[in-house]
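Inspection log for the structure reproduced underneath, given as structure tokens.
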Amino acid sequence: MSPSDLKDFFVSYNRADKTWAEWIAWTLEEAGYSVLIQAWDFRPGGNFVLDMQRAAATTQKTIAVLSEAYLTSAYTQPEWAAAFANDPQSLERKLIPIRVADCQPDGMLRPLVYVDLIGLSEDDAKQALLGMMRDRAKPTQKPTFPGDSTAIKHTVPAPTTFPGNEPDKGNPAIAPTPPPLTPPSLPHFSTYRSETWTGREETIAELTDVLIAGCHLLIIHGMTGIGKTALAEKLAADLLGNENCGRGDRPSLPSDIKFHRISFDIGVPSTDFTRGAIAILQAIGDDTAQQLPDEQILPYLLKTLEQQPYWLQLDSLEYLLHQSDDGSYGFADVVWVEFFVQLLNSPRSQSRLILTSQALPADLVDRIYRYDQL
């Protein structure tokens, strides 16, 4: 079986932690991953032992839902042991422990770094869960200067419907400090901060004019670390927070346009259009597409962007591309090209798509407004 045929995760758990296991599986599938879990996939009439064998053989990674009940169960040990045997040095991170209750892994599980969900709010737990696949855990914004005694800390209360309501005894949950608050009319940005932004006035003016004039697809191109995401978010902050951005008799953005940011480098990268489109729809709060056949995803996404204007910032577009023998880049899944072209040709869509990428897709380079003078 090739890697492309494997599901992403097998969730191994003890029945005492079934609620946690199902929350983990649901959150992963909601983010576009494929999951095998006993509660959903082992059906009446099946052979439990063979089902476990197939689950271990047909998934790329095993998640061990750690608790005292899990560690002391005789039946869960073969499940995590199979993943451990396939990657004894943890070079591929085939076994990912997630701690959901107070326990101390020992033996061969002891040296493994685990994801700790104890005491977290649901939002923080979701962030920790989806961030586990990143190669690095570097934050998206500069850490607060430790010597600033005037820094204000805000706490975030934990929701009551989440399985992790009870904090770990002896390890009370401390809510993280959020970034500086933005005006109510503006979305939360991952990188841009108004108080630290300087320069690039001409660039902002040029791209603002282009977007107000009706540009529906803009790509900001350049090498990593030069501020593509921050520039895109600066444009959103200026245009979405300024009611007079239309300047006199010139057109302006729709008053009900909504900002959402999707980054294609989060989690297990995939070039597949269906998976990416579902991630976009989920980011704007629409889970309907998961129930649709693949061939209906494209028209559904286009219709959604026509019915409601969105400002979609799609970061790390290079993860959707592949490099040809001649050195040029193109979309690995050609349905992406069809999506962007149909969006550009739609007379009804008022949505704006701002793309950031380290590589230029040759499929679209003549059809979109390109900015690479960073």
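The values are calculated or read from the model by the stated rules, or taken from the named source; none is laboratory data. Fair warning: this is a prediction, and the values are worked out from it, not measured in the lab. A quick note on method: Cβ atoms are made from the backbone with ideal geometry, for glycine too, and the neighbour counts reach across all protein chains shown.
Observations on the model:
- Taking each residue of the stretch 191-210 that is without any contact (Cβ under 8 Å) to a residue 24 or more places away in the chain and looking for partners that are surrounded by 12 or more Cβ atoms within 10 Å (Cβ to Cβ) and in a loop (DSSP other than H, G, I, E, B) with beta-carbon atoms closer than 8 Å, six or more apart or interchain, yields GLU195/PRO180.
- Entirely in the stretch 276-331, the strands (runs of 3 or more DSSP E) that have 1 or more residues that are more than 20 Å from the chain's Cα centre (by Cα): 321-323, 329-331
- Total residues in the stretch 77-94 satisfying the condition of being modelled with pLDDT of 85 or more and among the polar types (S, T, N, Q): the figure is 1.
- Residue within the stretch 44-58 that is of a type outside the set (Val, Ile, Thr), in contact with a helix residue (DSSP H, G or I) (Cβ under 9 Å, 6 or more places away or on another chain), closer than 19 Å to MET132 by Cα and surrounded by 16 or more Cβ atoms within 10 Å (Cβ to Cβ) present: no
- Selection within the stretch 295-323 - more than 19 Å from ILE262 (Cβ to Cβ) and in contact (Cβ under 8 Å) with a residue 12 or more places away in the chain: HIS322, GLN323
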